[in-house]
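Written below as structure tokens is the structure these notes are about.
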Amino acid sequence: RLAPAPQSVSRVCVCMSSTAELAYTLEGVAQGMREDGRARLDLRHLAIECSIFAHTCGSARVTLGNTEAIVGVVAELSEPESDAPDAGRISVSVGAAGNLALPDYGGTDAVTFLEAALAPLYSHKALGPALRPLC
């Protein structure tokens, strides 16, 4: 019988679809094995290329094993909201190529999930003083 997951593990595994999946994963970790045949401490090859797109403020290609992510960031200056003219504003949108197999997060597609997950990072009230000079 598998011991209950510690509180910290439960918080980390929020993307797992069921308690059975979490139990399966934790049991594999306890036995030092992974689903793909690698040992628990075997790492995948990691490669990072920066500045891959010319017309972005930043871009990168990250390859981890057979998984590849390509990201481009474009920053645009715009007018602040009329009800907060000295507050500054940041907005983030996430895009993905149409042929990607993205997971479903409880009825929310991965792009919407990522946008919602990033929102607290760029909308935190501590950013206000940093954004004010941009107004």
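The values are calculated or read from the model by the stated rules, or taken from the named source; none is laboratory data. Worth saying up front: this structure is predicted, and the values here are computed from it rather than measured. Don't worry about glycine lacking a Cβ; one is built from the backbone with ideal geometry, like all the others, and counts go over all protein chains shown. Keep in mind that these areas ignore ligands, DNA and RNA; they rest on the heavy atoms of the full protein, side chains included. Shrake-Rupley method; radii C 1.70, N 1.55, O 1.52, S 1.80 Å.
Between A20 and R38, full extension at 0.36 nm per residue minus the direct alpha carbon distance yields a gain of 4.4 nm. Solvent-accessible area of R38, all protein chains in place: 50 Å² (probe radius 1.4 Å, heavy atoms, ligands and nucleic acids excluded). In this simple spin-label approximation, C57 and V74 carry label points 7 Å from Cα along the Cα→Cβ vector, and these lie 1.3 nm apart. Label-to-label distance, A110 versus I90, with points set 7 angstrom from Cα along the beta-carbon direction: 2.4 nm. Extension gain for D83-L127 works out to 14.1 nm (0.36 nm per residue, less the C-alpha to C-alpha distance).
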